[in-house]
Each structure stands twice: as C-alpha cells, then as structure tokens.
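Peer 1: Take a look at the following structure, please.
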Amino acid sequence: MPPTPTRSWMPGTRFVRALLAALCDEATYDIRKNPSLWLGFVLAIPIPVLTWIGDAELWLQILSLPAPIVWGGLLGAAGRVGMLAEARSAQLEEEVHRVAGEKAQTEVSLTVESDRRRALEVEKEDLVSELKLAQAIQATLIPPPIQRDDIECVARIIPTRYIGGDYVHSNVIKDRWLYLILLDVSGHGISAAMVVARLHGMVRRLTLTKQRPVQILQRLNQAAQRLLQHTYFFLTAAVARIDLKNGELDYATAGHPSQILLRKDGSIEELRTRNRLLGMDDDIISRVQPSKRVMLQPGDSVVFFTDGLFELLQDGEGEVLGEDGLRERLRGLEGMGPSMLIGEVLQELAEYQGSSEFEDDVSMVVARYLGNDANAAANENTP
C-alpha cells in the first residue's frame, strides 16, 4: 500500500487561494484601508530606476516598468489576506469568548437546576414521610378484628393513595350490640382523610350511646353539613346494628350502594334504604323507608363495602364489574370466615382488573353471625 500523502501543502494552497481572492477584491486596492498597497509600490520603484540607469536591455527595461504596480498589487493582496486573517482571528476569539460565556452560564444554570431538583427531591421525601406517617395514623382508625362466640368481624381498607376518604367502624357495645358503620367521603387524599378524622370521634360517641342506625345518620348529616359547607364534598353511609342476643339486624343506608346479606345457604339479599347523601341538606331521611330490620341466622354474613370495590374495569376489555358482578363473586363464599372471605374477594377483583392496585379507595367489612346458643333474654330493652 503506498504511503498516505502528507497534507503539509494545504496551508500554502489555502494562502495562494486567499491571495488570488484578495487580488480580485476591490477592498484590496483601497489605499486608505490597505497601506500594504502603496508600501509595495514604493518599495518596487527602485527596480525600473536601476534597470534604466544600469543600461539593461530594452526588453528588460520595458518589463521593469510595471514592477511597482505588480509588487504593490501583490503586497496589497498579501496585506489584505493578513487583514482578513486578523479579522477572522478576532472573530474566532470573540466566538470563543461567547461560547465560553454561554458554557459558564449553562453550568450555572445546570448547577441551579441541580440544586432545585435536589431541593424538590428532599421536599418530596419529606412529603412522602409525612404521608406515610398520616397513613400509619389513619390505620389506627381501622377497627381490630372481633372474634367472639356469637360474632366474627373483620375490616379492611385499601386507600388509592397513602390515605383516603373511606372510614370503617365496628365495635360491640354492652356485650350485646355490634355496630357496623361504613362512610365514603367523595374525593381522595388528604382533604377526604381530614373529614374522616373529624367524624371518627362522633361515630364512636354515637355507638357508645346505643343510637339506632337512622339516628346515627341524622347526626352524621348534621356534622357533615357543618364540615362540608364550604366544599364540594358529600358522604355516603351504611350503618347497621346487630342484636347479638336474638340476631336482629337493624340497618340504614344513605346514598350508598346496596350492601349484602350473604345467607348461610348461599342466597344473597340486598341491604339498602332510600335515605339521601349526607352533607347536602337537612332533609335526607326518607319518610317512606328510613331503615329496615331483618333477622339473621347462625352462619349468615353481613358484607359492607364502598363503591371502589365494584367500579373496576376488566383488564384489556374495559367492561365495568358493577354491583351484579360483585354479587356473583360472593356466591359460593358463604360459610367462610370474614378474613378469608375478604381475601378471596380482593384476589378475584385483582385478577379481574389485572392489578392489585385500585383506582378508588376500597373498603370492606364482614360480620359473620354465629348465634347465641343460650338465646337468653336481653338484659336491656332496645332503645
């Protein structure tokens, strides 16, 4: 393979091209701006003078006459090339300074942006820490499982964010009445969770005073109106009281989906009354059907839930599960304990939507009535 030719001739070639270009440039012949032009002319004057004085040949004398003009043009062109090179050098230097300035400014901007991002990350970490703390605090509101000879009860809440607007309450009062209360605050997140926190104390007081479900709805509506008067929030609710002495279920709902009574034989009954949303106005209690009562048999389960449990889209299909779909998934689960029943339902719903994460707050409480073998008379009359 022949050796690669060197490129040392390139600068000379560029100079020749620049020189020829300068010879064709009108600015080259501007004596005021290009002193090299007249300098070359003056320096070349001795050539024809010496040629004529030295008695040179005639053709050489004639040839020497335009020498000052030729040298003036050549030096002028060379001077023009130098001037252009100097101007280009100055331009490049200015460009270098400009780029360096932009680089420095970019570095400053990047530093500022990096500091801002770090500050945002720290702020985000603080916010997540606060939300996790709020989540832990709200989790203390979830009632513990109830395991008795006459009743079993388990509650589960899955907020779509760290904290949510669903609230579940269950407790046994005077060793006789089991209260189940489920509230669903419209919206999600911190604001809805604050409403839940405000209502918790009232719910507990109302159950401790053995209020009937419809009375609890009335009091909750009054509280909701005060809390939500300057907001767009509202509440739906389901309230039940089970007399553990005889199995009587007294219940009332307000704007809430139909809840479910899952009989021991596998049949399903809907639990719903015609009361309206809480927090909207004073008159939310239905005059026709404010509450209902039904008798439970040993092995029957009361299933309370929020609408997040059935407002699910099927994975890849886009079809909403709906209340009918939820009821179908409860069939065949009769006889299961509350914890296992809740686990089975949540597993089937996760498979239905293709994810264990829900788009809405999901709450569920299941109370399985086991009966009272003694069936003793109540020590207190039902208020």
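Peer 1: Being at pLDDT 90 or above, in contact with a Ser or Thr (Cβ under 6 Å, 6 or more places away or on another chain) and either buried (at least 22 other Cβ atoms within 10 Å of the Cβ) or within 20 Å of Ala367 (Cα to Cα) (or both) is the requirement here; does Ala224 meet it?
Peer 2: no
Peer 1: Here's another thing I want to ask about it. With a cut-off of at least 2 residues that are at pLDDT 85 or above, name the helices (runs of 4 or more DSSP H) lying wholly within region 38-139.
Peer 2: Result: 67-139.
Peer 1: If Val294 satisfies every condition in (1) part of a loop (DSSP other than H, G, I, E, B); (2) aliphatic (A, V, I, L, M); (3) touching a Phe, Trp or Tyr at 6+ places or on another chain (Cβ under 9 Å); (4) over 26 Å from Gln138 (Cβ atoms) but one, which is the exception?
Peer 2: (1)
Peer 1: Under 8 Å by Cβ, and 6 or more places apart or on different chains, what pairs join a residue from region 344-360 that is assigned by TED's automatic domain parsing to the domain that holds Leu312 and on the phi < 0 side of the Ramachandran plot with one that is buried (at least 17 other Cβ atoms within 10 Å of the Cβ) and hydroxyl-bearing (Ser, Thr, Tyr)?
Peer 2: Glu357/Thr160; Phe358/Thr160; Glu359/Thr160; Asp360/Thr160; Asp360/Thr306
Peer 1: While we're here: Which residue is modelled with the highest pLDDT, if the candidates are limited to region 159-180 and must be surrounded by fewer than 21 Cβ atoms within 10 Å (Cβ to Cβ) and within 20 Å of Phe234 (Cα to Cα)?
Peer 2: Checking each candidate, the answer is Thr160.
Peer 1: Taking region 327-336, which residues are within 37 Å of the chain's Cα centre (by Cα) and without any contact (Cβ under 8 Å) to a residue 40 or more places away in the chain?
Peer 2: Of everything in region 327-336, those that are within 37 Å of the chain's Cα centre (by Cα) and without any contact (Cβ under 8 Å) to a residue 40 or more places away in the chain turn out to be Glu328, Arg329.
Peer 1: Among Glu357, Glu323, which is part of a loop (DSSP other than H, G, I, E, B) and in contact with a helix residue (DSSP H, G or I) (Cβ under 9 Å, 6 or more places away or on another chain)?
Peer 2: Glu357
Peer 1: Is there a residue being part of a strand (DSSP E or B), surrounded by 15 or more Cβ atoms within 10 Å (Cβ to Cβ), assigned by TED's automatic domain parsing to the domain that holds Ser356 and more than 29 Å from the chain's Cα centre (by Cα) anywhere in region 181-200?
Peer 2: Checking region 181-200: at least one residue is part of a strand (DSSP E or B), surrounded by 15 or more Cβ atoms within 10 Å (Cβ to Cβ), assigned by TED's automatic domain parsing to the domain that holds Ser356 and more than 29 Å from the chain's Cα centre (by Cα).
Peer 1: Can you name the residue in region 279-326 that is aliphatic (A, V, I, L, M) and at pLDDT 95 or above and is also nearest to the chain's Cα centre (by Cα) among such residues?
Peer 2: Once the filter is applied, the top-ranked residue is Val303.
The values are calculated or read from the model by the stated rules, or taken from the named source; none is laboratory data. Values in this document were obtained by computation on a predicted structure and should not be read as measured data. Using ideal geometry, Cβ is built from the backbone for each residue, glycine included, and neighbour counts are taken over all protein chains shown.
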